[in-house]
Structure formats: structure tokens, C-alpha cells
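Trainee: Below you'll find the structure I mean.
The values are calculated or read from the model by the stated rules, or taken from the named source; none is laboratory data. None of the values given here were measured: they were computed from a predicted structure. Ideal geometry is used to build each Cβ from the backbone, glycine not excepted, and the neighbour counts take in all protein chains shown.
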Amino acid sequence: MIESLISGKLFRDCETKTSSNDKTYCNFMLSVNVGEPQPIIVSGVAFGDVAEQIAALKKGDAVAVAGSLKPSQWTDKTSGETKHGLNVTVQKLITAYDARRKTEN
């Protein structure tokens, strides 16, 4: 695993779920601008309090997440091509709201 700090915008609203042992988690996607014409989409998952924080956000909100980054690959069902992606398991989150609040104190 790679420890990472990633900033971007939520690509869509988060999906909050509850595991079989009653733990809250949230699946989300970040659109990350890397200076190319197309942004990179990073899939993420967060648990507990961090999941609840992300779930309160909406598509387009700016966030920075810190966590373990892992490359992934899968086969596209329509084209049969091998696709590559990035997944992050989030331990910490900061939003523009959090940053603004810290500078005001």
C-alpha cells in the first residue's frame, strides 16, 4: 500500500451503507485534476466518523483525503479491455469548510 494525500472534488454523491456487523461505511469517487485534459477518477471508501463526514458532502464539493492508496485493474464488461484505477481507504478528511474554520480561530 502507498500512503497518500489526495485532493479533488466529489465526482458524485456518496453511497453510505452499513456492514453486516453494523459498521457505517461510505463509497465515493474523487475527480482529481492532474494537468491533463481528463481528470483521474479515484475510488474511495471510508469508515465510521470519516464516512459520516463524507456522506454529508455533495457532488462537486472539494475535499482532501489521507489514506492508503492501492492500484486496481478490472475487465470492462462491454469492451473486454483491461482497465486500471486507484482505490483509497481513507483515514483522515479535510474539507474547504474545515480549512476555513481553522483559519478563523
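Trainee: Go through (1) touching a residue at least 12 places away in the same chain (Cβ under 8 Å); (2) in contact with a strand residue (DSSP E or B) (Cβ under 6 Å, 6 or more places away or on another chain) and name the single condition residue 76 misses.
Mentor: (1)
Trainee: As an exercise: evaluate residue 13 against (1) over 12 Å from the mean Cα position of the chain (by Cα); (2) part of a loop (DSSP other than H, G, I, E, B); (3) among the charged types (D, E, K, R) and give the number of the one condition it does not meet.
Mentor: If we test residue 13 against (1) over 12 Å from the mean Cα position of the chain (by Cα); (2) part of a loop (DSSP other than H, G, I, E, B); (3) among the charged types (D, E, K, R), just (1) comes out false.
Trainee: Let me ask something additional. Among the residues of the stretch 51-73, which ones are of a type in the set (Gly, Ala, Ser), within 20 Å of residue 12 (Cβ to Cβ), touching a residue at least 12 places away in the same chain (Cβ under 8 Å) and surrounded by fewer than 15 Cβ atoms within 10 Å (Cβ to Cβ)?
Mentor: Selection gives 60, 72.
Trainee: Scan the stretch 14-30 for residues that are surrounded by 15 or more Cβ atoms within 10 Å (Cβ to Cβ) and at pLDDT below 95 and report the count.
Mentor: Residues in the stretch 14-30 being surrounded by 15 or more Cβ atoms within 10 Å (Cβ to Cβ) and at pLDDT below 95: 3 in total.
Trainee: I need every pair where a residue in the stretch 36-50 that is in contact (Cβ under 8 Å) with a residue 40 or more places away in the chain has its Cβ under 7 Å from the Cβ of a residue that is assigned to a loop (DSSP other than H, G, I, E, B) and hydrophobic (A, V, I, L, M, F, W, C), sequence separation at least 6 or different chains.
Mentor: Correct list of pairs: 40/34; 41/11.
Trainee: Right, here's the next one. I'd like the full set of residues that are β-branched (Val, Ile, Thr), within 16 Å of residue 91 (Cα to Cα) and either in contact with a helix residue (DSSP H, G or I) (Cβ under 9 Å, 6 or more places away or on another chain) or outside any strand (DSSP E or B) (or both), limited to the stretch 17-56.
Mentor: 24, 45, 50, 54 - these are the residues of the stretch 17-56 that are β-branched (Val, Ile, Thr), within 16 Å of residue 91 (Cα to Cα) and either in contact with a helix residue (DSSP H, G or I) (Cβ under 9 Å, 6 or more places away or on another chain) or outside any strand (DSSP E or B) (or both).
Trainee: If you don't mind, another one. Out of 95, 103, I need the residue that is at pLDDT below 90, surrounded by 15 or more Cβ atoms within 10 Å (Cβ to Cβ) and of a type outside the set (A, V, I, L, M, F, W, C). Which one?
Mentor: After ruling out the rest, the residue left standing is 95.
Okay, residues lined up against (1) small (Gly, Ala, Ser); (2) touching a Lys or Arg at 6+ places or on another chain (Cβ under 7 Å):
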site: 1; (1), (2): no, yes
site: 4; (1), (2): yes, no
site: 8; (1), (2): yes, no
site: 18; (1), (2): no, no
site: 56; (1), (2): yes, no
site: 68; (1), (2): yes, no
site: 81; (1), (2): no, no
site: 91; (1), (2): no, no
